[in-house]
Amino acid sequence: GGLGAGAADENVKGVVALFSGVIAVARSPASALAVIRETRAGGPFTQTVLGVTMVSDVLVILLFSATTELAHTLTDPSHPVTLSGGHPAAAAAHLCSIFVPRVAAELAASALLGLLLAALCLLALRVPEVPPLPQLGLLGVGAAAFSAQGLLDQLLVPLGVTAPSLEPMLACVITGFVVCNGGEVFTGRDERRQLEALVNSSMHPTLLFFFTTTGLGMRLSVLQHTWPAAVGLFVVRLAALYFGHAVGARWGAMPHRLRSFGWMAYVTQAGLSLGLASEIATDFAGWGPPLKATLMSVIVLNQLVGPPLLESAIRAAGEAGGGAGPAG
């Protein structure tokens, strides 16, 4: 299919595998919270699920940033790097000499962007609470996050300077962290509740544009060729979640009663995964769109079966309705 033809090069095949693995790690905090609220769940199992889901998504964004820079390095014709060959040590050293500075520059630039966006976000929170003024201010901050790369390129490229890559999702994570945790330090006020309310009130138009553009990118002609790979990735991810949870539960001394179904709580995927898949298609025009179509099919499958599995796991743990079942 299109994906197989676009991934003939060995380096591209490796990059495709890395991106598929990174997207597979992503969860859906929003879907998990929706199921937990619907079931009125509470207890140690529910708190563990929330904690793992939140932390894993932050790690996924970091992994995605590093993988994107590695992909640019491996597919950059001006710095050819061969993963296979007679001198693997030399190839690895050459790869690291290019890849590590790029990742460091991207993380530093994204962190600075996050701090700048945090300042803009604090200004947006000072806008008079007359709808839709605060919502437009917050949407403007989001637009700045995703347009910063283009602006930076326009400023630096004419000067002969290569602009560092920016990861807008990582910058937004830093923005939220700074605003919610540093608000009292910088402004003397608790900004968490105000920002949460503003985000919730701005969510509907954002989701409308996001999922509309996501649907526009789903081409049936491509899905006809990629569905076997999508089903295969879906099954492999379920198996990996089962065995990975078994190992982690044993190391973490999770009660035996929870080990058999705990993996079911981590299947759901949604917005973050779709956003990362869309970034792949944007950054890598040749093989990115077919890979995006495949990954989106996997994400849809996970979103269909994930919430019912999470609800079943919560009920099996005895935590639906706020009651924690026996740990033994």
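For Leu155 and Phe209 in the same chain, what is the full-extension length gain: residue separation times 0.36 nm, less their Cα-Cα distance, in nm?
Length gained, Leu155 through Phe209: 16.6 nm.
Mind ranking 251-261, 15-25 by how tightly packed they are, going by the mean number of other C-beta atoms within 10 angstrom, highest first?
15-25, 251-261
Full-extension gain between Ile98 and Lys13, please, as 0.36 nm times their residue separation minus the C-alpha to C-alpha distance.
Result: 28.6 nm gained on full extension.
Mind ordering 170-180, 105-115 by average Cβ neighbours within 10 Å, highest first?
Top of the packing list down: 170-180, 105-115.
Roughly how many nanometres apart are two label points built 7 Å out from the Cα toward the Cβ at Ala34 and Ala240?
Inter-label distance under the simple model: 2.4 nm.
By the scheme Lys and Arg +1, Asp and Glu -1, what is the net charge of all other residues having a beta-carbon under 13 Å from that of Ala229? Can you show the working numbers first?
Values: positive: Lys13, Arg237, Lys292; negative: none.
Cβ neighbours under 13 Å give a net charge of +3.
If you roll a 1.4 Å probe over the heavy atoms of the protein chains, what accessible area per residue do you get for the range 94-147, in Å²? Mind showing how you got there, number by number?
Working: 2820 Å² over 54 residues.
Heavy-atom SASA per residue in the range 94-147 reads 52 Å².
Carbon and sulfur atoms: what percent of the 1.4 Å accessible area of the range 95-160 do they account for?
79 percent
Around Ala26, with a cut-off of 11 angstrom between Cβ atoms, what is the net charge of the other residues, counting Lys and Arg +1 and Asp and Glu -1? Walk me through the numbers on the way to the answer.
On the way: positive: Arg27, Arg237; negative: Asp57.
Charge balance near Ala26 sits at +1.
Between the range 251-298 and the range 34-72, how many Å separate their Cα centres?
10 Å
Order 192-205, 269-282 from most to least packed using the mean count of other Cβ atoms within 10 Å.
269-282, 192-205
The values are calculated or read from the model by the stated rules, or taken from the named source; none is laboratory data. For clarity, every value in this text was computed on a predicted model and none was experimentally measured. Positions of Cβ are generated from backbone atoms using ideal geometry, with glycine treated the same way; all protein chains shown enter the neighbour counts. Only protein heavy atoms, including side chains, enter the accessible area calculation; ligands, DNA and RNA are left aside. Shrake-Rupley method; radii C 1.70, N 1.55, O 1.52, S 1.80 Å.
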